[in-house]
1. Does Asn170 satisfy the condition of being closer than 30 Å to Asp70 by Cβ, touching a residue at least 40 places away in the same chain (Cβ under 8 Å) and either among the polar types (S, T, N, Q) or not in a strand (DSSP E or B) (or both)?
2. Looking at Lys151, is it among the basic types (Lys, Arg) and in a loop (DSSP other than H, G, I, E, B)?
3. Just to be sure I understand, how many residues within region 67-95 are hydroxyl-bearing (Ser, Thr, Tyr), in a strand (DSSP E or B) and more than 12 Å from the chain's Cα centre (by Cα)?
4. Output the number of residues of region 55-69 satisfying the condition of being in contact (Cβ under 8 Å) with a residue 40 or more places away in the chain and loosely packed, with under 12 Cβ neighbours inside 10 Å.
5. Any chance region 120-131 includes a residue that's within 27 Å of Thr73 (Cβ to Cβ), charged (D, E, K, R), modelled with pLDDT under 95 and more than 20 Å from the chain's Cα centre (by Cα)?
6. Find the residue count for region 140-188, including only residues that are among the hydrophobic types (A, V, I, L, M, F, W, C) and either at pLDDT 85 or above or over 20 Å from Ser109 (Cα atoms) (or both).
Amino acid sequence: MMSTMQIHESRSAKVRLTIHRLAILFMIGMMLGVVAPMSATAGSLLTAPFSRSTANNGGALSLGGTYQFDEFTQADPWVAQVYASPSECLRIDVYSQDTDLEAVLVSPSGTVWRNDDRNGSSDRRPLLKVVTTVATGIGWHVLQISRFDGKGPGANFKFYYGRYPAGNPNCASPTSPSSVNAVAASKE
């Protein structure tokens, strides 16, 4: 027959074994969670409501961000994905910046639009006005906002993100692509 001391030690050993097994299962679960396949994104997914407003940036989302430049002199651009349907005007309007920024938009097909200064040295805020097409890609566009030269200092900024019907005054004089995916353009 087991003494009270032996029963206590036996229960204690079982509890330690159970805790040890749970810890191992937890670690395995954590490792699987870290390496499990996930969909990749280039930053937050942002969707502005579709607006028919003809007012400047009418119905657009007002958002803020930070371009960072760390102590190792490495740039960390602000990145998000913004949505646009075909034949829409996608407008990105940086209205406040603490340094000279550039906005770059890449469509799902690889077409690239960029703007550093909306009006040369008299207005250095970026403004993108993009009319989307089936050839440029429907869906999520990668938006990057960083300093125009990719250097420091870091800075805060605010911008409007709006979606409008093609032909809306918010997309008068649209931004020309700086790079076009030739394969996608040939299939349009």
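1. Here the answer is no, as Asn170 does not meet what is asked.
2. Judged against the criteria, Lys151 is a match.
3. 2
4. 1
5. yes
6. 11
The values are calculated or read from the model by the stated rules, or taken from the named source; none is laboratory data. Being a predicted model, the structure only gives us computed values, none of them experimental. Positions of Cβ are backbone-derived with ideal geometry, glycine not excepted, and every protein chain shown enters the neighbour counts.
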